[in-house]
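Trainee: I have a structure I would like to understand better, so I am pasting it below and will then ask my questions one at a time.
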Number of protein chains: 2
Amino acid sequence: MPRHLHLNAFLMTTGHHEASWRLPESDPFAHVSLDHYVRLAKIAERGTFDSLFLADGPQLWSSLAQRPAGALEPLTLLTALATATEHIGLIATASTSYNSPYNLARKFASLDIISGGRAGWNIVTTAGREAARNFGLEHEPAHAERYARAGEFLDVALKLWDSWEDDAIVGDKAAGVWGDDAKIHPPRHKGTYFSVEGALNVPRSPQGYPLLVQAGSSEDGKEFASRYAEAVFTAQQTIEDARAFYADLKARTAAVGRDPEHIKVLPGIVPVIGATESEALAKEQELEDHIVHRHGVANLERLLQLPEGSLELDRQLPADLPPESAIEGAKSRYTLVVELARRDRLTVRQLIGRLGGGRGHLTFAGTPEQVADAIETWFTQGAADGFNIMPPVLPSGLDAFVDHVVPILRTRGLLRTEYGPRTTLRERYGLPRPANQHVQPVYA
Amino acid sequence: MPRHLHLNAFLMTTGHHEASWRLPESDPFAHVSLDHYVRLAKIAERGTFDSLFLADGPQLWSSLAQRPAGALEPLTLLTALATATEHIGLIATASTSYNSPYNLARKFASLDIISGGRAGWNIVTTAGREAARNFGLEHEPAHAERYARAGEFLDVALKLWDSWEDDAIVGDKAAGVWGDDAKIHPPRHKGTYFSVEGALNVPRSPQGYPLLVQAGSSEDGKEFASRYAEAVFTAQQTIEDARAFYADLKARTAAVGRDPEHIKVLPGIVPVIGATESEALAKEQELEDHIVHRHGVANLERLLQLPEGSLELDRQLPADLPPESAIEGAKSRYTLVVELARRDRLTVRQLIGRLGGGRGHLTFAGTPEQVADAIETWFTQGAADGFNIMPPVLPSGLDAFVDHVVPILRTRGLLRTEYGPRTTLRERYGLPRPANQHVQPVYA
């Protein structure tokens, strides 16, 4: 079978460009519209994407004045989308810092059953004091501690998902025996962060457990990904950086004894598509013209942990920023932003323009052929197993990608032309169904 | 407008009779079948029920040998049912002891938005050591402490649901102002059990917040219901007991300054329906014949907190059982079972037969007319505002109720004949939409 691109549609209200909501075509209430998300899911399914994805954090981001804030809770929304779609995978972000393993394992198992094996979990540890303060903590837990908890969370969740063997249900009506208690394996877990005694109250799901996805690119993040992740979303600005990241992650995965083919790397790309290159650039400019710069300055100051009023729009970033190690928030994002500004000697205004498009992800403006070329180059030159598609405006940007880029990728033999029979999300990504740890080793 | 019955369909896998799964018509995998639940929801909607309801506890109940165990997580399942139905309310059980207010408030707000205002929350404090041990606790929290936490949980949840005023979203594209930050009210709650600083990340939902439902009938439970509940599910064996409970709850509600019309009391009823009385009784006997008594004895010993082997099938309960005050589990259920056994001088075998049908709820076997008569009598004589319908076998028992009892209730003017325009669940129950506490007092 030829190697195929894996495509994920990263859905975000009116689009990934922060000013997208201001365009005439955009619905300011899209963030709470099921119809809007059903429409997006159907477009992605028309493009035979492997999956769609929702980001999340358990706090109200930014101020309401700036842009659409709040959203439908991802697992709830994906469950509704499961009933409106047939083939596409459904990946929800959920935090290991602000959930209980028992509750979260149940919800993902339930979504996996309801969707016929299409659930995926983007595992995040959730940076930020705002989230911590919604869950009884005064301060954000330290970065390393968040990852330690995440590791134990995964171990417990895997025990819960394996607490029913696949054939635990007997259904013997005549004998009055519904199930086989010998095939139930309570975790009896006592650890640093969690104690979980009993078996899950949901049977083992079609995939065994949801596809495990991860997106942090810090050292802790990559270490975590190499152990658990089956797909990784990453922000890379150049093909050189992307190739280095790709090789590093595959090597780390092999080093812990896993098959490096079993971790798929998907850089994010914000495709700004026009019939001609100048049309694409005009579209990009239109979006940039809608940015409200005072919001961008405030957001940048928060990310860089600088006092309010320290940045000036038409100057570069100050020279004396702290190193990543001193940052307790989203480390890899901090470094990406600082390196981008330094590399291209951007003023604050220019930096805001770049970030407004994709928050540090690669923005690529061009014709469908140019976008397809970029994708093919990264895919064939060791930089990506696929892409996390982040349209600047939704739904029109996703429509444009599916109508104009997808046919080119298909013609070039890089993308499936149809889904074929219904399969699980893990099968779409070319990954094996995990065995139950009580039946045989998971990664044998 | 004439006073109408409120009907709730309590959905439970293959039915409320513990032996229902053994009948030829039953699917042993119904507990994880979305199709099964969609079918049930559509039957209930055909019967113009106000709502449907799913019970829940975050633990694996009983042994697998006994009967179907495990289920789809209720909020997940109800979200899928929201997309398959148009009018019926969707009530999920969720625990205040084993959830965080921020996470749970988000999920209910999201379900309320997705369903167009049809979400309800059956608030439970979750008895039992098994659940506690799935959430890091060695022992079950004391009954009074669980209710103290539940009260604070509700206060925080209400603050979160009111943290957005209804008109906080402005959507002014020209000015670049999406929302009005002055209409966001972070809870800044610091209490005994919870600290929650920030506003919810979901806008205020169609109902303001989900219909609040409660089902505990202990002193603590009734006290809690009088403060917060808008609908109450209760198990009552006789009309005298039901009338006393009804009057007590209405009086308590008035005593805390609420309108007693704003709390609806719905006793459970397990209708075993036959074309003739003897057909109904034969159906009841068929179910009883499928009970596996060794399971029943074990369950009873656990409920009564007796050592294994202390009960004998053909003798009555021992005389020296502890008082309710000594029970730390499901107090009202304990008392109900003991009183039932004493009142009717039941042997353990007979008691198991009675409980097998509805776990302490009123089982009523008869013709459609007899069932309708019983419902009308309780409804018109101060015992009920409606009923929690608990079919012994599903889907056939719900079909029988909708096809044969519902038409009689409609003819008698006790039940709506059609839904009419789409409304919220709260409107179905004849309750006002709660005002935002930051705009005017909630119960003015």
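The values are calculated or read from the model by the stated rules, or taken from the named source; none is laboratory data. In this text, all values refer to a predicted model and were calculated from it rather than measured experimentally. Note that we place each Cβ from the backbone using ideal geometry, even for glycine, and neighbour counts take in every protein chain shown. Calculation scope for accessible area: heavy atoms of the full protein, side chains included, ligands and nucleic acids excluded. Shrake-Rupley method; radii C 1.70, N 1.55, O 1.52, S 1.80 Å.
Trainee: Per 10 Å bin, what percent of the C-alpha pairs of chain B does each bin hold, from zero upward?
Mentor: 4, 20, 32, 27, 12, 4, 1, 0, 0
Trainee: Could you order the peptides A:8-18, A:348-358 from most to least packed, using the average number of other C-beta atoms within 10 Å per residue? It would help to have the intermediate numbers written out before the result.
Mentor: On the way: A:8-18: 26.1, A:348-358: 21.7.
Per-residue Cβ counts within 10 Å, averaged per peptide and sorted highest first, yield A:8-18, A:348-358.
Trainee: Okay, next question. Starting at 0 and stepping by 10 Å, how many percent of the alpha carbon pairs of the range A:373-444 end up in each bin?
Mentor: The calculated distribution, bin by bin, is 15, 34, 32, 13, 6.
Trainee: Work through the residues other than B:Arg149 whose Cβ is under 12 Å from its Cβ and net out their charges, Lys, Arg +1 and Asp, Glu -1.
Mentor: Summing Lys/Arg as +1 and Asp/Glu as -1 gives -3.
Trainee: Counting only other residues whose beta carbon sits under 11 Å from that of A:Arg302, what net charge do I get with K and R as +1, D and E as -1? Intermediate results must be reported in sequence, preceding the final value.
Mentor: Working: positive: A:Arg129; negative: A:Glu130, A:Glu301, A:Glu308.
With Lys, Arg at +1 and Asp, Glu at -1, the neighbours total -2.
Trainee: Which lysines, if any, have their Cα less than 20 Å from the Cα of A:Lys250, not counting same-chain residues under 8 positions apart?
Mentor: Counting by Cα, and skipping residues close in sequence, A:Lys250 has these lysines nearby: A:Lys222, A:Lys264.
Trainee: Moving on to the next point. Report, as an integer, the average count of C-beta atoms from other chains found within 10 Å of each Cβ along A:133-140.
Mentor: Details: counts 7, 17, 8, 11, 2, 2, 0, 0.
The mean count of partner-chain Cβ atoms within 10 Å per residue comes to 6.
Trainee: Right, another one. Across peptide A:108-119, how many C-beta atoms of other chains are within 10 Å of each residue C-beta, on average?
Mentor: Working: counts 2, 5, 11, 5, 0, 8, 10, 2, 1, 0, 0, 0.
Neighbouring Cβ atoms belonging to other protein chains average 4 per residue here.
Trainee: Next question. Note down the nm distance, to one decimal, between modelled labels 7 Å out along Cα→Cβ at A:Ser310 and at A:Tyr419.
Mentor: For A:Ser310 paired with A:Tyr419, the spin-label model returns 4.9 nm.
Trainee: How many Å³ per residue does the convex hull of the Cα positions in the protein assembly as shown occupy? All intermediate terms of the calculation are to be shown ahead of the outcome.
Mentor: On the way: hull volume 143.7 nm³, N = 888.
Dividing the Cα hull volume of the protein assembly as shown by its residues yields 162 Å³.
Trainee: According to a simple spin-label model (label point 7 Å from Cα along Cα-to-Cβ), what is the distance in nm between A:Thr347 and B:Glu261?
Mentor: That separation, rounded to one decimal, is 6.6 nm.
Trainee: Here is a follow-up. Which loop-located trypsin sites (Lys or Arg not before Pro) does the range B:164-212 contain, where loop means any DSSP state but H, G, I, E or B and the Cβ has at most 14 other Cβ atoms within 10 Å? Write down the numbers at each step before the final one.
Mentor: Values: sites: B:Lys173, B:Lys183, B:Arg188, B:Lys190, B:Arg204; in loops: B:Lys173, B:Arg188, B:Arg204.
Here the trypsin sites (Lys or Arg not before Pro) that fit, given the DSSP loop and packing criteria, are B:Arg188.
Trainee: Taking each residue of B:167-175 in turn, how many C-beta atoms of other protein chains fall within 10 Å of its C-beta, and what is the average?
Mentor: Other-chain Cβ atoms within 10 Å of each residue's Cβ, averaged: 4.
Trainee: Oh, and also: Tally Lys and Arg at +1 and Asp and Glu at -1 over the other residues with C-beta under 9 Å from the C-beta of A:Val393: what net charge comes out? Provide the component values of the computation, followed by the final result.
Mentor: Numbers: positive: A:Lys283; negative: A:Glu25.
Overall, the nearby charge balance is 0.
Trainee: Let me ask something additional. Could you put B:Tyr147, B:Tyr209 in order of accessible surface area, largest first, with the 1.4 Å probe and the full protein assembly present?
Mentor: Most to least solvent-accessible, the answer reads B:Tyr147, B:Tyr209.
Trainee: Tell me, Kirkwood radius of the range B:4-122 from alpha-carbon pair distances, in Å? Kindly include the intermediate steps, with their values, before the conclusion.
Mentor: Details: mean 1/r = 0.0665 Å⁻¹.
In the range B:4-122 this quantity evaluates to 15.0 Å.
Trainee: A follow-up question, please. How large is the Rg to Rh ratio of the range B:201-245 when both quantities use alpha carbon positions and Rh follows Kirkwood?
Mentor: Working: Rg = 14.0 Å, Rh = 12.2 Å.
Reported Rg/Rh, Kirkwood definition of Rh: 1.15.
Trainee: Follow-up question, since we're still on this one. From the C-alpha gyration tensor of the range B:141-224, pull out the three semi-axes of the equivalent ellipsoid (sqrt of 5λ each), sorted largest to smallest, in whole Å. Walk me through the intermediate numbers first.
Mentor: Details: eigenvalues 226, 43, 9 Å².
Taking √(5λ) for each eigenvalue gives 34, 15, 7 Å, largest first.
Trainee: Under the classification rounded if a/c is under 1.5, otherwise prolate if a/b is larger than b/c and oblate if not, where does the range B:315-444 fall, given a ≥ b ≥ c as square roots of the Cα gyration tensor eigenvalues?
Mentor: Details: a/c = 2.71, a/b = 1.35, b/c = 2.01.
Taking the square roots of the gyration eigenvalues as a ≥ b ≥ c, the range B:315-444 is oblate.
Trainee: In addition: Tabulate in residue order the Karplus-calculated ³J(HN,Hα) for the range A:389-402, using 6.51 cos²θ - 1.76 cosθ + 1.60 with θ = phi - 60°, rounded to whole Hz; enter x for Gly and Pro.
Mentor: Result, rounded to whole Hz: 7, 10, x, x, 9, 10, x, 4, x, 6, 4, 4, 5, 6.
Trainee: Could you quote the convex hull projected area for the range B:255-328, Cα atoms only and averaged over all directions, in nm²?
Mentor: Its Cα hull, projected and averaged over all orientations, spans 9.5 nm².
Trainee: Go ahead and set up a Gaussian network model of chain B, Cα springs under 10 Å, then flag whichever of B:Pro307, B:Pro141, B:Pro260 fluctuates most.
Mentor: B:Pro307
Trainee: May I pose another question? Could you identify which residue out of B:Asp320, B:Asp220, B:Asp289 has the top mean-square fluctuation in a GNM of chain B using Cα springs shorter than 10 Å?
Mentor: B:Asp320
Trainee: Based on the alpha-carbon gyration tensor of the range B:56-215 and its eigenvalue square roots a ≥ b ≥ c, which shape applies: rounded if a/c is under 1.5, prolate if not and a/b is larger than b/c, or oblate? Could the numbers behind the result be given before it?
Mentor: Working: a/c = 2.78, a/b = 1.50, b/c = 1.85.
Taking the square roots of the gyration eigenvalues as a ≥ b ≥ c, the range B:56-215 is oblate.
Trainee: Taking all protein chains as present, what is the carbon and sulfur share of the accessible area of the range B:1-56, in % to the nearest whole number, probe 1.4 Å? Write down the numbers at each step before the final one.
Mentor: Values: 1110 of 1940 Å².
About 57 percent, which is the carbon plus sulfur part of the accessible surface.
Trainee: Hey, what did the range B:147-199 get for relative contact order, percent, Cα under 8 Å, at least 6 apart?
Mentor: Computed value for the range B:147-199: 35 percent relative contact order.
Trainee: Of all beta bridges DSSP finds with both residues in the protein assembly as shown, what is the antiparallel percent, to the nearest 5?
Mentor: Details: 13 of 81 bridges.
Just about 15 percent of them are antiparallel.
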